[in-house]
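Read the structure below first, then the notes.
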Amino acid sequence: METMFKFLCIFPLLLVSAYATLLPDPYDDPVIEIPPLKVKKLGHNENIADIDREELEINRNAVKTPFPGKWELVSLNSGVSAMHAILLPKVNQVLMYDATVWKISKIPLPQEKMPCRVIDPKTNEVDCWAHSVLFDIETAKLKPLKIQTDTWCSSGGLTVDGHLVGTGGYQGGANTVRYLWTCDTCDWIEYPTALAEPRWYSTQVTLPDGGFIVVGGRGAFSYEYIPPQGQSNKQSIYLPLLRETHDQLAGHFGTENFYRIENNLYPFVNLVTDGNLFIFSNNRSILFDPKANRVIREYPVLTGGSRNYPASGMSVLLPIKLHAGHQKIIHSDILVCGGAAWDAFYYAEDKKQFWPALQDCGRIRITEPNPVWKKEMMPTRRVMGDMTILPTGDVLLVNGAQNGTSAWNDAEEPALAPALYKTKEKRHHRFQELAPTTIPRMYHSVSVLLPDGKVLIAGSNTHDGYKFDHKYPTELRVEKFSPPYLDPALAHLRPEIVLDKSDCMVGYGQRISIQVKTTEGIKQSDIRITMYAPAFTTHGTSMNQRLVILGLVEVINDVAPGQHKIVAEAPPSGVITPPGYYLLYVVYKGVPSPGMWFQI
């Protein structure tokens, strides 16, 4: 049965992989027609009150626990400083990498990866260290990879068939597009001239047809679409918002009449439920049509300070709730938390004065006719933090500092205690502070949701290089954090997906059949099925992270002893879930099952 299951799941994926290579450049001719923005008033037939009651009932039925979470140390050596990280589908390994500029790491290239990387042909200087590894999430075993171009402060995302496409970086890596296939012998394939502009500190986002757009970067007030493999872009497209939100401090600074602060790097970019892109830079945001290449609307300013690098707040597209059958409006809500005063970087970098980070959050429903930011406060101040959406739909805020900004040695007072943001609670009652770690995770830290529901935490390097004798040393230890739903007292509630009885691949709008084991009969009002898109995480920006709550059709108890069948409806199009791999979870009374890889 297991062999047949593997065949049934893998054979269609091979067909999809072959098809994916034929996808055209989304800039030239998108596969999926992206509709223009349509703001509709709520109709009498939409039964929004019933939708709210359903969500409230599921939330009310979730079991409450005082468990504050638990930390465990799983590795003493990640090999490289985990500046960038993403969970790769199918292989269940976390890809971590830093930068080649330092010419050193803590894991040498193995013999099969030789010869060493040549740094300077004139002097014959070489670099024999790995700057990229695959981290096995079960055994912590490392597999070193060889990368040629500099990935320092780069971007990435997953293809339809679960491979990584990375963009940008530093100097010779800034115009590069990189590919890493998920196979035992695969290594990086790099195209150093693929991008029209250097993309250092840019954001890469997946589009509805599975293509990618890259937005911003240092000195790049523009965007471009990733060309087909092996091809190069001739030009980029100017985006005024990025220049308008580039902060400078006027005055006399050496030979300059200004001090470059920026606060517009690694902009927050999300594909939202009307097919457009929400782009947030510094403290301003727009809705952008990637097909027509035009700004549709601008949103109110999020007051209080700056939110993008080096002010480095955090942001997520909150879970998207679907319902079975035709749904006229699918809302998009954005959460932005933390950051710094607009000029805090100058004082941190130039004066070594570390101003308090921001403590506020703004939440906005961008699909409303007249959206406004609604503020609330985190338990502590936080800059350089990470946001990870959990299988339940809640959000974990972790890592970072309470004072200062991003950049080398520009922050103090680590934010050791994570916070849980409960998305369905009332405003001002959403935050819960959780158990603290003992390891500071400052600049260049990452967080990654794992299939078992734990969150992998790695990285932290506040130095230009690998330095271990400082107050905040280059950090190579890897931890896992168990959120409150993994309270041992709730283990009896945890469902288990029966893999060989569950769909692992469907098309848009189709029915999904999932079979689960539980210790008791289940009611539809106690169940959620969620789909999570793995995030590419760096510098507090979690690119392409999204969680969709599927509409349920029916629940059939006891289809086998102790097993139950749940039927859900797949998302309607790539606008809601771009084609690719997702972790599918069954959440019962607030306790998620281990995730199953699922392709749409």
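Quick check on the range 499-598: take the gyration tensor over C-alpha atoms, sort the square-rooted eigenvalues as a ≥ b ≥ c, and tell me if it's rounded (a/c under 1.5), prolate or oblate. In terms of gyration-tensor shape, prolate. Taking Cα centre as origin and charging only the Cβ of basic (Lys, Arg, +1) and acidic (Asp, Glu, -1) residues, the dipole magnitude of the range 493-599 rounds to 160 debye. Can you compute the FRET efficiency between residue 524 and residue 470 using 1/(1 + (r/R0)^6), with r the Cβ-Cβ distance and R0 = 51 Å? Round to the nearest 0.05. Efficiency at R0 = 51 Å is approximately 0.40. Please compare each pair in 103/471; 480/523; 70/352 to a cut-off of 27 Å on the Cα-Cα distance and tell me which ones are over it. Pairs exceeding the cut-off: 480/523; 70/352. Helical content alone sets the calculated 222 nm signal of the chain at -2000 deg cm²/dmol, taking -39,500 (n - 2.57) per DSSP H segment of four or more residues and averaging over every residue. Qualifying chymotrypsin sites (Phe, Trp or Tyr not before Pro) in the range 419-485, where qualification requires a DSSP coil assignment and no more than 15 other C-beta atoms within 10 Å, comprise 468.
Projection of the Cα convex hull of the range 103-259, averaged over all directions and equal to a quarter of that hull's surface, yields 13.1 nm². Between residue 116 and residue 136, the FRET efficiency from the beta-carbon distance, with R0 = 41 Å, is close to 0.95. Qualifying GluC sites (Glu not before Pro) in the range 504-600, where qualification requires a DSSP coil assignment and no more than 16 other C-beta atoms within 10 Å, comprise 520.
Only four residue types carry charge here, +1 at the Cβ of Lys and Arg and -1 at the Cβ of Asp and Glu. Report the dipole size of the chain about the Cα centre in Debye, rounded to the nearest 20. Mind showing how you got there, number by number?
Numbers: 58 positive and 62 negative charges, 170 e Å.
The calculation lands at about 820 debye.
Summary value for the chain: 15 percent relative contact order, contacts being C-alpha pairs under 8 angstrom separated by 6+ residues. Could you give the angle, 0 to 90 degrees to the nearest 10, between helix 48-61's Cα long axis and the longest principal axis of the Cα atoms of the chain? Helix 48-61 and the main axis of the chain meet at about 90 degrees. For the range 88-192, applying the loop criterion from DSSP together with a ceiling of 16 other beta carbons within 10 Å to the GluC sites (Glu not before Pro) yields 138.
Report the extension gain between residue 326 and residue 511 in nm, rounded to one decimal, defined as 0.36 nm multiplied by the number of residues separating them, less their alpha carbon distance.
65.2 nm
With a 1.4 Å probe and every protein chain kept in, tell me what percent of the accessible surface of the range 383-480 is carbon plus sulfur.
Result for the range 383-480: 46 percent of the exposed heavy-atom area is carbon or sulfur.
Length available on full extension from residue 368 to residue 351: 0.36 nm per residue minus the Cα-Cα distance, which gives 1.8 nm. Axis angle, to the nearest 10 degrees, between helix 2-20 and the longest C-alpha principal axis of the chain: 50 degrees.
Dividing the mean sequence gap of close Cα pairs (under 8 Å, 6+ apart) by how many residues the range 359-414 holds gives a relative contact order of 25 percent. Which residues in the range 66-109 have a backbone N closer than 16 Å to a point placed 7 Å from the Cα of residue 123 along the Cα-to-Cβ line? Those under the cut-off are 101-104. Spacing of the modelled spin labels on residue 292 and residue 375, each 7 Å from Cα toward Cβ, amounts to 3.4 nm. Distance from the alpha carbon centroid of the range 271-348 to that of the range 453-510 works out to 25 angstrom.
The values are calculated or read from the model by the stated rules, or taken from the named source; none is laboratory data. Keep in mind the model is a prediction, meaning the values are calculated, not measured. Glycine also receives a Cβ, built like all others from the backbone with ideal geometry; neighbour counts cover every protein chain displayed. Surface accessibility is based on the protein's heavy atoms, side chains included, excluding ligands, DNA and RNA. Shrake-Rupley method; radii C 1.70, N 1.55, O 1.52, S 1.80 Å.
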